[in-house]
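As structure tokens, the structure follows; a few thoughts come after it.
The values are calculated or read from the model by the stated rules, or taken from the named source; none is laboratory data. For clarity, every value in this text was computed on a predicted model and none was experimentally measured. Reconstructed Cβ throughout: ideal geometry from the backbone, glycine too, with neighbour counts over all protein chains shown.
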Amino acid sequence: MNTIVECHRRLSALLGPEAEPVDVLIRAEEHRRYWRPDRVKVVLLAESHVYTTIGELARTIVLPSSAPSDLPRGFVRLVYCLGYGENRLLNRPILAPPNSGTPQFWKIFYSCVNPLTGHSDFAGIQASSAVAARIESKIEVLKRLRERGVWLLDTSLAALYLPGKPKPAAAAVERCLQVSWDCHVGDIVSSSGPSEIVCIGKGVARALGDRFSATQARVTVLPQPNARLSSAEHGESLRTYFRVVERANALA
């Protein structure tokens, strides 16, 4: 955790009073490490998790008995956290800012391990499904990701999304991505030895530039899931995730 603490210090200098406490970064890392595959084949590189307050950090997740007993129970606004976007799983709901989650990232997760035929494929993980069944489906997707060697990492350890507020200036975002990579994330990716890296968003790829060369991985750049694209373009992007995962697993 020493590199996380040092990274937090550097990022706080960039973000100023808007920076989260280091405890948030440590909590997010706990969730990411839990779902780390034994053998990492594909790294998905997102920009960052979503800003989490100390009050939100105090929430705990109440999972069904069918869930793995060692799953992290602490809340953080990170897609790996099953309480993010699921107020019914929290000991106390989060109402403001809304605990809306990131359903678009669940579509990415699902698409990594399932060939898509249409939008209805996502029915089991969408908010319209029954809570208990949805949580079971999400856990199964996470297990499949781990089995297939797929691991999501945030390029910036500090949150760059503050609900209800604008993102930091583009130059500050870029520096946060670079500082986090140089201080912590780059070593994690290199030591994991993936054959494939997927940059979720052109901004991640642009900020890191030739830093990827040290990983020796094949790099694919895909648009942010909330990018203004046609439904056909979004569908093709999601299908690309599956092709990348298949390609990586064919090397095993």
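Scanning region 8-22 for residues that are under 20 Å from the mean Cα position of the chain (by Cα) and either closer than 17 Å to Arg33 by Cα or not hydrophobic (A, V, I, L, M, F, W, C) (or both) yields His8, Glu20, Pro21, Val22.
Counting only residues that are under 19 Å from the mean Cα position of the chain (by Cα), surrounded by 12 or more Cβ atoms within 10 Å (Cβ to Cβ) and either closer than 13 Å to Ile108 by Cα or basic (Lys, Arg) (or both), region 202-230 holds 6 of them. For region 136-146, a residue qualifies if it is in contact (Cβ under 8 Å) with a residue 24 or more places away in the chain and more than 17 Å from the chain's Cα centre (by Cα), and exactly one does: Glu136. Among the residues in region 186-195, are any in contact with an Asp or Glu (Cβ under 8 Å, 6 or more places away or on another chain), surrounded by 14 or more Cβ atoms within 10 Å (Cβ to Cβ) and at pLDDT 95 or above? No: zero hits. Only one of Gly235, Gly203 is assigned to a helix (DSSP H, G or I) and either closer than 13 Å to Ala46 by Cα or in contact with a Gly (Cβ under 7 Å, 6 or more places away or on another chain) (or both); which? The conditions single out Gly203. Is it fair to say Asn91 is farther than 30 Å from Val173 by Cα and surrounded by fewer than 19 Cβ atoms within 10 Å (Cβ to Cβ)? So Asn91 fits the description; yes.
Reported count of residues in region 209-223, each being part of a loop (DSSP other than H, G, I, E, B) and farther than 16 Å from Glu47 by Cβ, is 2.
Per-residue answers, yes or no, for (1) among the β-branched types (Val, Ile, Thr); (2) in a loop (DSSP other than H, G, I, E, B); (3) free of Cβ contacts under 8 Å to residues at least 60 places away in the same chain; (4) surrounded by 19 or more Cβ atoms within 10 Å (Cβ to Cβ):
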| site | (1), (2), (3), (4) |
| --- | --- |
| Thr52 | yes, yes, no, yes |
| Glu56 | no, no, yes, yes |
| Pro64 | no, yes, no, no |
| Asp70 | no, yes, yes, no |
| Cys81 | no, yes, yes, yes |
| Gly85 | no, yes, yes, yes |
| Gly101 | no, yes, yes, yes |
| Ile108 | yes, no, no, yes |
| Gly124 | no, no, yes, no |
